[in-house]
Amino acid sequence: MGMTMTQKILAAHAKLSSVTAGQLIEADLDLVLGNDITSPVAIHEMEKMKVSGVFDKDKIALVPDHFVPNKDIKSAEHCKCVREFAYKNQITNYFEVGQMGIEHALLPEKGLVVAGDVVIGADSHTCTYGALGAFSTGVGSTDMAAGMATGKAWFKVPSAIKFVLTGKPAKWISGKDIILHIIGMIGVDGALYKSMEFVGDGIAYLTMDDRFTIANMAIEAGGKNGIFPVDNLTLQYMKEHSMKEPVIYEADEDAQYDEVITIDLSTLRPTIAFPHLPENTKTIDEIKENISIDQVVIGSCTNGREEDLRIAAEILKGRKVKKGLRCIIIPATQKIYLKAIEEGWVTTFVEAGAVVSTPTCGPCLGGYMGILAEGERCVSTTNRNFVGRMGHITSEIYLASPAVAAASAVTGEISSPEDI
(Lines give C-alpha, C1' and ligand atoms only; values in the text may rest on other atoms or scores of the structure.)
Protein backbone atom coordinates (compact mmCIF):
# COMPACT_ATOMS: atom_id res chain seq x y z
CA MET A 1 0.00 0.00 0.00
CA GLY A 2 1.33 3.44 -0.94
CA MET A 3 2.02 6.25 1.51
CA THR A 4 1.18 9.95 1.58
CA MET A 5 3.87 12.63 1.91
CA THR A 6 3.33 12.85 5.64
CA GLN A 7 3.44 9.09 6.10
CA LYS A 8 6.71 8.85 4.18
CA ILE A 9 8.34 11.54 6.32
CA LEU A 10 7.16 9.89 9.55
CA ALA A 11 8.29 6.44 8.40
CA ALA A 12 11.77 7.74 7.65
CA HIS A 13 12.04 9.42 11.04
CA ALA A 14 10.79 6.30 12.79
CA LYS A 15 13.37 4.25 10.83
CA LEU A 16 10.61 2.12 9.33
CA SER A 17 10.16 1.02 5.73
CA SER A 18 6.49 1.94 5.82
CA VAL A 19 3.72 3.09 8.13
CA THR A 20 -0.07 3.03 7.93
CA ALA A 21 -2.78 5.35 9.22
CA GLY A 22 -3.48 4.76 12.89
CA GLN A 23 -0.10 3.18 13.63
CA LEU A 24 1.73 4.38 16.74
CA ILE A 25 5.35 5.30 16.15
CA GLU A 26 8.27 7.01 17.88
CA ALA A 27 10.00 9.44 15.53
CA ASP A 28 13.23 11.42 15.68
CA LEU A 29 12.79 15.19 15.76
CA ASP A 30 14.62 17.78 13.70
CA LEU A 31 13.36 20.74 15.72
CA VAL A 32 11.45 21.43 18.95
CA LEU A 33 9.80 24.84 19.30
CA GLY A 34 8.39 26.77 22.23
CA ASN A 35 7.27 30.32 23.00
CA ASP A 36 6.97 32.48 26.09
CA ILE A 37 3.63 30.97 27.14
CA THR A 38 4.28 27.27 26.56
CA SER A 39 8.03 26.99 27.21
CA PRO A 40 7.94 27.75 30.97
CA VAL A 41 5.55 24.84 31.50
CA ALA A 42 7.84 22.56 29.48
CA ILE A 43 10.89 23.78 31.37
CA HIS A 44 9.27 22.99 34.71
CA GLU A 45 8.34 19.53 33.42
CA MET A 46 11.95 18.94 32.38
CA GLU A 47 13.02 19.85 35.90
CA LYS A 48 10.74 17.09 37.23
CA MET A 49 12.31 14.64 34.77
CA LYS A 50 15.72 15.34 36.33
CA VAL A 51 17.48 15.22 32.97
CA SER A 52 20.95 16.71 32.71
CA GLY A 53 20.19 18.90 29.70
CA VAL A 54 18.67 19.10 26.24
CA PHE A 55 19.19 16.47 23.54
CA ASP A 56 20.71 18.94 21.06
CA LYS A 57 21.16 22.67 21.69
CA ASP A 58 21.00 23.32 17.92
CA LYS A 59 17.63 21.60 17.44
CA ILE A 60 15.59 23.64 19.89
CA ALA A 61 14.07 27.03 19.09
CA LEU A 62 12.76 29.30 21.83
CA VAL A 63 10.87 32.33 20.54
CA PRO A 64 9.18 34.65 23.04
CA ASP A 65 6.49 36.34 20.96
CA HIS A 66 3.03 36.18 22.54
CA PHE A 67 3.37 38.86 25.24
CA VAL A 68 6.66 40.31 23.99
CA PRO A 69 7.83 43.00 24.51
CA ASN A 70 6.56 42.16 27.98
CA LYS A 71 3.18 43.64 28.75
CA ASP A 72 3.19 43.04 32.52
CA ILE A 73 5.12 41.46 35.39
CA LYS A 74 3.78 37.95 34.76
CA SER A 75 4.83 37.99 31.11
CA ALA A 76 8.23 39.34 32.12
CA GLU A 77 8.67 36.46 34.56
CA HIS A 78 7.75 33.94 31.86
CA CYS A 79 10.35 35.40 29.52
CA LYS A 80 12.93 35.45 32.29
CA CYS A 81 12.33 31.73 32.82
CA VAL A 82 12.85 31.02 29.11
CA ARG A 83 15.88 33.30 28.90
CA GLU A 84 17.63 31.65 31.84
CA PHE A 85 16.91 28.17 30.46
CA ALA A 86 18.25 29.17 27.04
CA TYR A 87 21.47 30.56 28.52
CA LYS A 88 21.95 27.62 30.87
CA ASN A 89 21.58 25.11 28.03
CA GLN A 90 23.36 27.26 25.44
CA ILE A 91 20.35 27.09 23.11
CA THR A 92 21.55 28.25 19.70
CA ASN A 93 18.18 29.41 18.42
CA TYR A 94 16.93 31.62 21.23
CA PHE A 95 15.62 34.93 19.91
CA GLU A 96 15.38 37.89 22.26
CA VAL A 97 13.65 41.22 21.64
CA GLY A 98 15.37 42.87 18.70
CA GLN A 99 15.96 39.51 17.01
CA MET A 100 12.68 37.78 17.68
CA GLY A 101 9.59 37.71 15.53
CA ILE A 102 6.32 35.81 15.46
CA GLU A 103 7.60 32.24 15.72
CA HIS A 104 5.96 30.69 12.66
CA ALA A 105 7.20 33.46 10.38
CA LEU A 106 10.63 33.59 12.01
CA LEU A 107 11.66 29.93 11.82
CA PRO A 108 11.32 29.56 8.02
CA GLU A 109 12.96 32.96 7.56
CA LYS A 110 15.91 31.80 9.69
CA GLY A 111 16.16 28.60 7.66
CA LEU A 112 15.54 26.37 10.67
CA VAL A 113 13.01 24.19 8.83
CA VAL A 114 13.36 22.54 5.43
CA ALA A 115 11.56 19.88 3.42
CA GLY A 116 11.50 16.44 4.99
CA ASP A 117 11.90 17.66 8.58
CA VAL A 118 9.80 16.54 11.52
CA VAL A 119 9.03 19.49 13.79
CA ILE A 120 6.96 19.74 16.95
CA GLY A 121 6.07 22.98 18.65
CA ALA A 122 4.16 23.83 21.77
CA ASP A 123 1.88 26.05 19.73
CA SER A 124 -1.00 24.81 17.62
CA HIS A 125 0.02 26.74 14.50
CA THR A 126 3.31 24.88 14.21
CA CYS A 127 1.64 23.21 11.21
CA THR A 128 2.75 26.28 9.21
CA TYR A 129 5.98 24.60 8.06
CA GLY A 130 4.11 22.12 5.90
CA ALA A 131 4.38 24.83 3.24
CA LEU A 132 8.02 23.76 2.91
CA GLY A 133 7.23 20.07 2.55
CA ALA A 134 7.97 19.30 6.22
CA PHE A 135 5.83 17.45 8.75
CA SER A 136 5.14 19.91 11.54
CA THR A 137 2.48 19.85 14.20
CA GLY A 138 1.50 21.41 17.50
CA VAL A 139 1.89 19.55 20.79
CA GLY A 140 1.38 20.17 24.47
CA SER A 141 4.10 21.51 26.75
CA THR A 142 4.70 18.06 28.26
CA ASP A 143 5.46 16.66 24.81
CA MET A 144 7.72 19.64 24.21
CA ALA A 145 9.60 18.80 27.40
CA ALA A 146 10.03 15.19 26.34
CA GLY A 147 11.15 16.34 22.90
CA MET A 148 13.76 18.71 24.32
CA ALA A 149 15.07 15.96 26.59
CA THR A 150 15.07 13.00 24.19
CA GLY A 151 14.82 14.33 20.64
CA LYS A 152 11.89 12.00 20.04
CA ALA A 153 8.09 12.10 20.07
CA TRP A 154 5.26 9.62 19.80
CA PHE A 155 2.75 10.01 16.98
CA LYS A 156 -0.31 8.25 15.71
CA VAL A 157 0.19 8.22 11.95
CA PRO A 158 -2.59 10.34 10.42
CA SER A 159 -4.78 9.44 7.48
CA ALA A 160 -5.14 12.15 4.85
CA ILE A 161 -7.45 14.28 2.73
CA LYS A 162 -6.16 15.35 -0.68
CA PHE A 163 -7.07 18.86 -1.80
CA VAL A 164 -6.59 19.28 -5.55
CA LEU A 165 -6.17 23.00 -6.27
CA THR A 166 -6.72 23.94 -9.90
CA GLY A 167 -6.95 27.19 -11.86
CA LYS A 168 -5.53 30.66 -11.32
CA PRO A 169 -6.90 32.85 -8.51
CA ALA A 170 -8.22 36.30 -9.42
CA LYS A 171 -6.51 39.47 -8.20
CA TRP A 172 -6.94 40.00 -4.45
CA ILE A 173 -7.57 36.27 -3.86
CA SER A 174 -4.87 35.00 -1.52
CA GLY A 175 -4.00 31.97 0.55
CA LYS A 176 -6.27 33.30 3.30
CA ASP A 177 -9.31 33.23 1.03
CA ILE A 178 -8.43 29.69 -0.07
CA ILE A 179 -8.06 28.23 3.42
CA LEU A 180 -11.16 30.05 4.70
CA HIS A 181 -13.07 28.63 1.73
CA ILE A 182 -11.84 25.13 2.60
CA ILE A 183 -12.69 25.45 6.29
CA GLY A 184 -16.12 26.76 5.31
CA MET A 185 -16.58 23.64 3.16
CA ILE A 186 -15.44 20.94 5.59
CA GLY A 187 -15.91 22.60 8.99
CA VAL A 188 -13.63 23.09 11.98
CA ASP A 189 -13.46 19.34 12.57
CA GLY A 190 -13.60 18.26 8.93
CA ALA A 191 -9.97 17.12 8.94
CA LEU A 192 -9.75 16.02 12.58
CA TYR A 193 -6.33 14.42 13.19
CA LYS A 194 -5.79 14.11 9.45
CA SER A 195 -3.06 15.33 7.14
CA MET A 196 -4.32 17.97 4.71
CA GLU A 197 -2.30 17.39 1.53
CA PHE A 198 -2.46 20.15 -1.09
CA VAL A 199 -1.70 19.26 -4.71
CA GLY A 200 -2.69 20.38 -8.22
CA ASP A 201 -1.69 22.81 -10.95
CA GLY A 202 -3.19 25.72 -9.01
CA ILE A 203 -0.29 25.58 -6.55
CA ALA A 204 1.95 27.12 -9.22
CA TYR A 205 0.00 30.37 -8.77
CA LEU A 206 0.50 30.44 -4.99
CA THR A 207 3.40 32.34 -3.45
CA MET A 208 5.30 30.91 -0.49
CA ASP A 209 3.45 33.38 1.73
CA ASP A 210 0.14 32.00 0.40
CA ARG A 211 1.27 28.47 1.21
CA PHE A 212 2.43 29.39 4.71
CA THR A 213 -1.01 30.92 5.36
CA ILE A 214 -2.86 27.83 4.13
CA ALA A 215 -0.70 25.39 6.10
CA ASN A 216 -0.92 27.66 9.17
CA MET A 217 -4.70 27.30 9.35
CA ALA A 218 -4.87 23.53 8.79
CA ILE A 219 -5.38 23.26 12.54
CA GLU A 220 -8.53 25.38 12.21
CA ALA A 221 -10.07 22.48 10.26
CA GLY A 222 -8.87 20.07 12.96
CA GLY A 223 -5.93 18.91 10.84
CA LYS A 224 -2.90 17.23 12.34
CA ASN A 225 -0.84 18.99 9.69
CA GLY A 226 -1.04 20.64 6.29
CA ILE A 227 1.57 19.90 3.64
CA PHE A 228 2.54 21.03 0.15
CA PRO A 229 4.67 19.26 -2.45
CA VAL A 230 8.15 20.66 -2.99
CA ASP A 231 8.41 22.57 -6.27
CA ASN A 232 10.94 25.01 -7.73
CA LEU A 233 9.54 27.90 -5.70
CA THR A 234 9.97 25.91 -2.48
CA LEU A 235 13.51 24.94 -3.44
CA GLN A 236 14.35 28.56 -4.23
CA TYR A 237 12.98 29.71 -0.86
CA MET A 238 14.98 27.10 1.05
CA LYS A 239 18.15 27.89 -0.91
CA GLU A 240 17.79 31.58 -0.03
CA HIS A 241 17.11 30.98 3.66
CA SER A 242 18.77 27.79 4.82
CA MET A 243 22.07 25.92 4.83
CA LYS A 244 20.29 22.70 5.75
CA GLU A 245 19.91 20.02 3.11
CA PRO A 246 16.24 19.32 2.32
CA VAL A 247 14.93 15.81 1.83
CA ILE A 248 12.10 15.71 -0.68
CA TYR A 249 9.27 13.22 -0.31
CA GLU A 250 6.45 12.64 -2.76
CA ALA A 251 3.20 10.80 -2.17
CA ASP A 252 2.94 7.41 -3.86
CA GLU A 253 0.53 7.15 -6.76
CA ASP A 254 -1.44 4.53 -4.84
CA ALA A 255 -1.45 6.46 -1.55
CA GLN A 256 -4.71 6.10 0.33
CA TYR A 257 -6.85 9.16 1.04
CA ASP A 258 -10.03 9.39 3.10
CA GLU A 259 -11.35 11.94 0.62
CA VAL A 260 -10.31 13.88 -2.46
CA ILE A 261 -11.64 17.43 -2.80
CA THR A 262 -11.10 19.52 -5.94
CA ILE A 263 -11.22 23.32 -5.74
CA ASP A 264 -11.13 25.62 -8.77
CA LEU A 265 -9.23 28.64 -7.48
CA SER A 266 -10.44 30.80 -10.38
CA THR A 267 -13.98 30.68 -8.95
CA LEU A 268 -13.09 31.92 -5.46
CA ARG A 269 -14.17 35.29 -4.14
CA PRO A 270 -12.88 37.27 -1.14
CA THR A 271 -13.98 35.18 1.84
CA ILE A 272 -14.66 36.26 5.42
CA ALA A 273 -15.19 34.07 8.49
CA PHE A 274 -17.97 35.53 10.64
CA PRO A 275 -18.15 35.13 14.43
CA HIS A 276 -17.62 32.85 16.20
CA LEU A 277 -15.99 30.05 14.19
CA PRO A 278 -13.55 29.95 11.25
CA GLU A 279 -16.06 27.71 9.42
CA ASN A 280 -18.75 30.41 9.48
CA THR A 281 -17.70 31.79 6.12
CA LYS A 282 -19.34 34.07 3.58
CA THR A 283 -18.00 35.50 0.36
CA ILE A 284 -18.02 39.26 -0.02
CA ASP A 285 -20.94 38.83 -2.45
CA GLU A 286 -23.02 36.99 0.16
CA ILE A 287 -22.85 39.84 2.66
CA LYS A 288 -26.04 41.80 2.10
CA GLU A 289 -25.93 44.15 5.07
CA ASN A 290 -23.40 46.85 5.99
CA ILE A 291 -21.28 45.57 8.88
CA SER A 292 -19.57 48.49 10.57
CA ILE A 293 -16.34 47.81 12.43
CA ASP A 294 -14.27 49.43 15.16
CA GLN A 295 -10.84 47.94 14.52
CA VAL A 296 -8.67 46.29 11.89
CA VAL A 297 -5.63 44.12 12.67
CA ILE A 298 -3.19 43.15 9.91
CA GLY A 299 -0.51 40.79 11.18
CA SER A 300 -0.04 37.49 13.08
CA CYS A 301 1.63 34.18 12.19
CA THR A 302 -1.05 33.82 9.53
CA ASN A 303 -0.78 37.13 7.67
CA GLY A 304 2.05 39.33 8.91
CA ARG A 305 4.45 38.45 6.12
CA GLU A 306 6.05 40.62 3.44
CA GLU A 307 3.42 40.01 0.78
CA ASP A 308 0.63 40.73 3.27
CA LEU A 309 2.07 44.13 4.11
CA ARG A 310 2.71 44.91 0.44
CA ILE A 311 -0.95 44.26 -0.37
CA ALA A 312 -2.12 46.36 2.59
CA ALA A 313 0.16 49.21 1.52
CA GLU A 314 -1.09 49.04 -2.07
CA ILE A 315 -4.66 49.51 -0.86
CA LEU A 316 -3.95 52.12 1.81
CA LYS A 317 -1.63 54.30 -0.28
CA GLY A 318 -3.20 57.71 -0.81
CA ARG A 319 -6.20 56.75 1.33
CA LYS A 320 -7.17 57.32 4.96
CA VAL A 321 -8.31 54.96 7.67
CA LYS A 322 -11.95 55.72 8.42
CA LYS A 323 -12.27 58.31 11.19
CA GLY A 324 -13.07 56.62 14.49
CA LEU A 325 -11.58 53.29 13.42
CA ARG A 326 -8.33 51.83 14.78
CA CYS A 327 -6.01 50.11 12.30
CA ILE A 328 -3.09 48.15 13.78
CA ILE A 329 -0.40 46.69 11.51
CA ILE A 330 2.13 44.20 12.87
CA PRO A 331 5.09 43.00 10.77
CA ALA A 332 5.79 39.38 11.72
CA THR A 333 9.58 39.67 11.99
CA GLN A 334 12.30 42.30 12.23
CA LYS A 335 13.35 41.51 8.65
CA ILE A 336 9.80 42.08 7.39
CA TYR A 337 9.60 45.27 9.46
CA LEU A 338 12.82 46.52 7.84
CA LYS A 339 11.49 45.63 4.38
CA ALA A 340 8.35 47.64 5.15
CA ILE A 341 10.51 50.63 6.05
CA GLU A 342 12.74 50.30 2.98
CA GLU A 343 9.77 49.99 0.62
CA GLY A 344 7.98 52.96 2.18
CA TRP A 345 5.07 50.87 3.41
CA VAL A 346 5.44 52.11 6.98
CA THR A 347 5.19 55.69 5.73
CA THR A 348 2.06 54.71 3.79
CA PHE A 349 0.52 53.12 6.89
CA VAL A 350 1.27 56.08 9.16
CA GLU A 351 0.07 58.61 6.61
CA ALA A 352 -3.14 56.63 6.25
CA GLY A 353 -3.72 56.84 9.99
CA ALA A 354 -2.70 53.33 11.00
CA VAL A 355 -0.24 52.38 13.74
CA VAL A 356 2.68 50.00 13.24
CA SER A 357 3.78 47.66 16.03
CA THR A 358 6.96 45.77 16.75
CA PRO A 359 6.62 42.02 15.94
CA THR A 360 4.30 40.32 18.43
CA CYS A 361 1.32 37.95 18.53
CA GLY A 362 -0.29 40.62 20.71
CA PRO A 363 -3.98 41.06 19.88
CA CYS A 364 -4.48 37.69 18.13
CA LEU A 365 -4.90 35.83 21.42
CA GLY A 366 -6.35 38.75 23.34
CA GLY A 367 -2.92 39.51 24.77
CA TYR A 368 -2.38 43.22 24.21
CA MET A 369 -1.88 45.80 21.45
CA GLY A 370 -5.53 45.81 20.40
CA ILE A 371 -7.95 44.31 22.93
CA LEU A 372 -11.63 44.69 22.08
CA ALA A 373 -14.19 46.28 24.38
CA GLU A 374 -17.79 45.22 24.90
CA GLY A 375 -19.68 44.92 21.61
CA GLU A 376 -16.77 46.01 19.40
CA ARG A 377 -16.14 44.46 16.01
CA CYS A 378 -12.77 43.75 14.41
CA VAL A 379 -11.71 42.60 10.95
CA SER A 380 -8.54 40.64 11.55
CA THR A 381 -6.03 38.70 9.46
CA THR A 382 -5.47 36.35 12.40
CA ASN A 383 -6.60 32.72 12.55
CA ARG A 384 -9.25 32.37 15.27
CA ASN A 385 -12.46 34.18 16.08
CA PHE A 386 -13.85 32.27 19.06
CA VAL A 387 -15.96 34.01 21.71
CA GLY A 388 -13.71 36.36 23.67
CA ARG A 389 -10.64 35.54 21.59
CA MET A 390 -9.52 39.18 21.26
CA GLY A 391 -11.19 40.70 24.28
CA HIS A 392 -14.69 41.10 25.71
CA ILE A 393 -16.99 38.09 25.27
CA THR A 394 -19.51 40.23 23.38
CA SER A 395 -16.90 41.48 20.89
CA GLU A 396 -16.84 40.04 17.37
CA ILE A 397 -13.96 39.01 15.10
CA TYR A 398 -14.25 38.70 11.34
CA LEU A 399 -11.34 36.78 9.83
CA ALA A 400 -10.21 38.01 6.42
CA SER A 401 -7.29 38.50 4.06
CA PRO A 402 -5.00 41.55 4.26
CA ALA A 403 -6.72 42.92 1.15
CA VAL A 404 -10.18 42.78 2.71
CA ALA A 405 -8.84 44.06 6.05
CA ALA A 406 -7.13 47.06 4.46
CA ALA A 407 -10.18 47.91 2.34
CA SER A 408 -12.40 47.63 5.41
CA ALA A 409 -10.12 50.00 7.32
CA VAL A 410 -10.78 52.63 4.64
CA THR A 411 -14.55 52.21 4.45
CA GLY A 412 -15.25 51.43 8.11
CA GLU A 413 -17.25 48.35 7.17
CA ILE A 414 -16.47 44.93 5.73
CA SER A 415 -15.45 45.64 2.14
CA SER A 416 -13.63 44.21 -0.84
CA PRO A 417 -10.72 46.08 -2.45
CA GLU A 418 -12.91 46.17 -5.55
CA ASP A 419 -15.30 48.47 -3.66
CA ILE A 420 -12.90 51.33 -2.90
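The values are calculated or read from the model by the stated rules, or taken from the named source; none is laboratory data. Everything quoted here is computed from the prediction, not taken from an experiment. For neighbour counting, all protein chains shown are included, and Cβ atoms are generated from backbone atoms with ideal geometry for every residue, glycine included. The accessibility values were calculated without ligands, DNA or RNA, using every heavy atom of the protein model including side chains. Shrake-Rupley method; radii C 1.70, N 1.55, O 1.52, S 1.80 Å.
Cys79 sits with roughly 10 Å² accessible to a 1.4 Å probe, with DNA, RNA and ligands left out of the calculation.
Label-to-label distance for Lys50 and Thr267 is 6.3 nm, based on points extended 7 Å past Cα in the beta-carbon direction. Each part gets one Cα centre, and for the stretch 300-333 versus the stretch 163-193 those centres are 22 Å apart.
Taking amide hydrogens as placed 1.01 Å from N in the peptide plane, the amide H of Ala115 sits under 5 Å from those of Val247, each at least 5 positions away in sequence or on another chain.
For the stretch 238-299, the equivalent ellipsoid built from the Cα gyration tensor has semi-axes of 36, 22, 12 Å, listed from largest to smallest. Can you tally the net charge around Tyr249? Count Lys and Arg as +1, Asp and Glu as -1, for every other residue whose Cβ sits under 12 Å from the Cβ of Tyr249. So the surrounding residues net to -3. Summing charges over neighbours of Asn383, with a neighbour being any other residue whose Cβ is under 11 Å away from its Cβ, gives +2 when K and R count +1 and D and E count -1. For the stretch 92-175, the relative contact order comes to 18 percent (Cα pairs under 8 Å, sequence separation of at least 6). Note on the chain: Cα-only Rg and Dmax are 20.5, 62 Å. With the convex hull of the Cα atoms taken as the outline of the stretch 1-126, the averaged projected area works out to 8.8 nm².
Label positions at His392 and Glu259, each projected 7 Å from the Cα along the C-beta direction, are separated by 3.8 nm.
Per residue of the chain, the DSSP helices (runs of n ≥ 4 H) give a summed -39500 (n - 2.57) that works out to -8500 deg cm²/dmol at 222 nm.
Could you list the GluC sites (Glu not before Pro) in the stretch 79-170 that lie in coil according to DSSP, counting only those with at most 15 other Cβ atoms within 10 Å of their Cβ? Qualifying residues, ordered by number: Glu96. Rounded to the nearest 20, the Cβ-based charge dipole of the stretch 1-160 about its Cα centre (Lys and Arg +1, Asp and Glu -1) stands at 280 debye.
Sorting 189-196, 231-238, 364-371 by average packing, meaning the other beta carbons within 10 Å per residue, from highest down gives 189-196, 364-371, 231-238. As a length-normalised measure over Cα pairs under 8 Å and 6 or more apart, the relative contact order of the chain settles at 17 percent. Proximity of backbone amide H atoms, modeled 1.01 Å from N, is registered between Thr333 and Ile102 at under 5 Å, excluding neighbours fewer than 5 places apart on the same chain.
Rounded to whole numbers, the Karplus 3J(HN,Hα) couplings from phi for the stretch 38-53 are 8, 5, x, 5, 5, 4, 5, 5, 4, 4, 5, 6, 6, 8, 7, x Hz, using 6.51 cos²θ - 1.76 cosθ + 1.60 with θ = phi - 60°, and x at Gly and Pro.
The alpha carbon convex hull volume per residue for the stretch 100-146 rounds to 70 Å³. Normalising the average separation of contacting C-alpha pairs (under 8 angstrom, six or more residues apart) by the number of residues puts the relative contact order of the stretch 296-420 at 30 percent. 3J(HN,Hα) along the stretch 8-16: 5, 5, 5, 4, 4, 7, 9, 6, 10 Hz, from the Karplus curve 6.51 cos²θ - 1.76 cosθ + 1.60 with θ = phi - 60°, whole Hz, x for Gly and Pro.
When the alpha-carbon atoms of the stretch 59-178 are used, the pair Rg, Dmax equals 16.8, 52 angstrom. Peptide packing: for 328-336, 412-420, the average count of neighbouring Cβ atoms within 10 Å per residue gives the ranking 328-336, 412-420, highest mean first. Rounded to whole numbers, the Karplus 3J(HN,Hα) couplings from phi for the stretch 386-403 are 5, 4, x, 4, 10, x, 4, 5, 9, 6, 10, 10, 10, 7, 7, 6, x, 5 Hz, using 6.51 cos²θ - 1.76 cosθ + 1.60 with θ = phi - 60°, and x at Gly and Pro. The heavy atoms of Lys80 offer some 90 square angstrom of accessible surface to a 1.4 angstrom probe.
Measuring against 22 Å, Cα to Cα, the residue pairs Lys15/Lys162; Lys15/Lys244; Lys48/Lys88; Lys57/Lys156 contain Lys15/Lys162; Lys57/Lys156 as the ones spanning a longer distance.
The charge dipole of the chain, taken about the Cα centre with unit charges on the Cβ atoms of Lys, Arg (+1) and Asp, Glu (-1), comes to about 780 debye, rounded to the nearest 20. Bridge orientation summary for the chain: considering DSSP beta bridges with both residues in this region, about 20 percent are antiparallel. Where the accessible area of the chain is counted over protein heavy atoms with a 1.4 Å probe, how much of it, in %, is carbon and sulfur? Carbon and sulfur together cover 51 percent of it. Packing-based ranking of 200-206, 394-400 yields 394-400, 200-206, ordered from highest to lowest mean Cβ neighbour count within 10 Å. Residues whose amide H comes within less than 5 Å of that of Glu396, counting only those at least five positions distant or on another chain, are Glu376, Arg377, Cys378 (H built at 1.01 Å from N in the peptide plane). Residues in the stretch 261-322 average 42 Å² of solvent-accessible surface per residue, probe 1.4 Å, ligands and nucleic acids excluded.
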